[in-house]
Amino acid sequence: MRPDKKILRELLSTEGKENLQALYNKAYDVKKQYVGTTVYLRGLIELSNICSKNCYYCGIRSGNKELTRYQISYEEAIAEAKLCLQMHYGSIVIQAGEREDRTWIEFITKLIKGIKELSEGKLGITLSLGEQKLEVYQQWFEAGAHRYLLRIETSNKELYRSLHPVNHSFEKRLKCLNLIQECGYQVGTGVMIGLPGQTIDDLANDILFFYDLDVDMLGMGPFIPHHNTPLKYLAESFSPLEALTMGLKMIAACRIALKDINIASTTALQALHSEGREMGLKAGANVLMPNITDTKYREGYQLYEGKPGLNETALQFQKQLEKRIFALGETIGYDEWGDSKHYQKKKN
Ligand code: 5AD
Ligand code: SF4
């Protein structure tokens, strides 16, 4: 049933410690009932910070000339995928800035095939590589990728326009989400929470947008100002606690409204609080994306200020993560693709 906007607005307007706890608990009950308490891990590889776009909020926008650009080599990327397998993460996410040139398209195709081969098809492959042509989405799908993440960033067209240069189009982004779906990918989208000018009504509309698009996965996180972007002026008034709370409320509202989809507890939550991602799990999220990018590249991929730079590939880290997840009373879906129940239901 399509969620009721008035109820969404009420959930998103929750205030006060006790009421917030009640909201998170309610979302957790829905999560238990519909998707269970197994956390799925996806190893995230930040393949390149080269980006042809210039979004006003993002630290790796093309206009940021202070950044040294990098691209991880094929061999290094393959080594990271092997690590992913060894750590028993069931799938890998390949993320990078947006590029549409042939060299890049072929490089990604080769990498997808390489990862499929080395893992004998075991590692699931998710792409997060921006807006592309239908043929490119198809080529990558045929090479072996089966999930695609493309955040709409906000479903409010006017707000979208205020956050991007004129040649970035909301309509094109929406079209791309449709193309991705058409190709047969499981589709993930998401928004930033706490954008300048964004209202509770906008966030409620975002949830309705997710419902109408029939998404399988969501990745959302609080907006965090970056010092080298046009939105840097927002750093002064930025409140990490408020941003974290709004992020958690949005996760909880999405879980309550959309029930059986996969929801990631994102790094942006962790940037605001050392236990931000665990809080995300408690508020209804069921996916974590540990960063497996070699630490020497981490500095180059600061989309926002204070992005945690932990070496999450270290075995010691994995032990810690396990402990923290077990402490929440949850288990880890090692070696599993962890498709969303929503997607499985559609398939059947
Ligand atoms: N704060 C939070 N998230 C950001 N992203 C980009 N810049 C920021 C920021 N300043 C997010 C966008 C993008 C994803 C890769 O990172 O939602 O889709
Ligand atoms: Fe590029 Fe994505 Fe950053 Fe926009 S948000 S500048 S497309 S990496």
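The values are calculated or read from the model by the stated rules, or taken from the named source; none is laboratory data. For clarity, every value in this text was computed on a predicted model and none was experimentally measured. Backbone-built Cβ (ideal geometry, glycine too); neighbour counts: all protein chains shown. Protein only, heavy atoms only, side chains kept; ligands, DNA and RNA dropped before computing areas. Shrake-Rupley method; radii C 1.70, N 1.55, O 1.52, S 1.80 Å.
Miscellaneous remarks
- Meets criteria (more than 16 Å from ligand 1 (Cβ to nearest atom) and either open to solvent by less than 20 Å² (accessible area, probe 1.4 Å) or in contact with a helix residue (DSSP H, G or I) (Cβ under 8 Å, 6 or more places away or on another chain) (or both)) for Lys113: yes
- One residue alone among Lys249, Lys232 is among the basic types (Lys, Arg) and surrounded by fewer than 19 Cβ atoms within 10 Å (Cβ to Cβ), and that residue is Lys232.
- When residues in region 81-132 are screened for being in contact (Cβ under 8 Å) with a residue 24 or more places away in the chain and either away from ligand 2 (no atom under 16 Å from the Cβ) or of a type in the set (Gly, Ala, Ser) (or both), 31 of them pass.
- Matching residues in region 57-84 - criterion: being open to solvent by less than 70 Å² (accessible area, probe 1.4 Å) and either over 23 Å from Lys122 (Cβ atoms) or part of a loop (DSSP other than H, G, I, E, B) (or both): Tyr57, Cys58, Gly59, Ile60, Arg61, Ser62, Gly63, Asn64, Leu67, Tyr70, Ile72, Ser73
- Applying the set (1) farther than 21 Å from Leu129 by Cα; (2) at pLDDT below 95; (3) of a type in the set (D, E, K, R) to Lys232 leaves exactly one unmet item: (2).
- Any hit, region 195-206, residues being within 16 Å of ligand 2 (Cβ to nearest atom), aliphatic (A, V, I, L, M) and surrounded by fewer than 24 Cβ atoms within 10 Å (Cβ to Cβ): yes
- Condition met for Ala145 (within 14 Å of ligand 1 (Cβ to nearest atom) and touching a strand residue (DSSP E or B) at 6+ places or on another chain (Cβ under 8 Å)): no
- Taken together, the criteria place Leu41 among residues that are assigned to a strand (DSSP E or B) and either within 16 Å of ligand 2 (Cβ to nearest atom) or farther than 30 Å from Lys172 by Cβ (or both).
- Figure legend. Inter-residue proximity from region 59-70: first residues hydroxyl-bearing (Ser, Thr, Tyr), second residues more than 7 Å from ligand 2 (Cβ to nearest atom), beta-carbon distance below 8 Å, spacing 6+ or different chains. Indicated pairs: Ser62/Ser52; Thr68/Gly300; Tyr70/Ser48; Tyr70/Asn49; Tyr70/Ile50; Tyr70/Tyr297; Tyr70/Gly300.
- Only residues that are more than 19 Å from the chain's Cα centre (by Cα) and polar (S, T, N, Q) were counted in region 176-204, giving 2.
- Evaluating Tyr211 against the criteria (1) more than 22 Å from Ala257 (Cα to Cα); (2) in contact (Cβ under 8 Å) with a residue 40 or more places away in the chain; (3) away from ligand 2 (no atom under 16 Å from the Cβ); (4) not hydrophobic (A, V, I, L, M, F, W, C) leaves one unmet condition, (1).
- Qualifying residue in region 182-193 (condition: open to solvent by 10 Å² or more (accessible area, probe 1.4 Å), among the aliphatic types (A, V, I, L, M) and away from ligand 2 (no atom under 16 Å from the Cβ)): no
- Test: residue in region 153-166 that is near ligand 1 (Cβ under 10 Å from one of its atoms), closer than 26 Å to Lys6 by Cα and open to solvent by less than 40 Å² (accessible area, probe 1.4 Å): yes
- Identity of the residue in region 252-267, in a helix (DSSP H, G or I) and either open to solvent by 10 Å² or more (accessible area, probe 1.4 Å) or not aliphatic (A, V, I, L, M) (or both), that ends up farthest from ligand 2 (Cβ to nearest atom): Ile256
- Residue list for region 272-312, filter: among the hydroxyl-bearing types (Ser, Thr, Tyr), open to solvent by less than 50 Å² (accessible area, probe 1.4 Å) and in a helix (DSSP H, G or I): Tyr297, Tyr301
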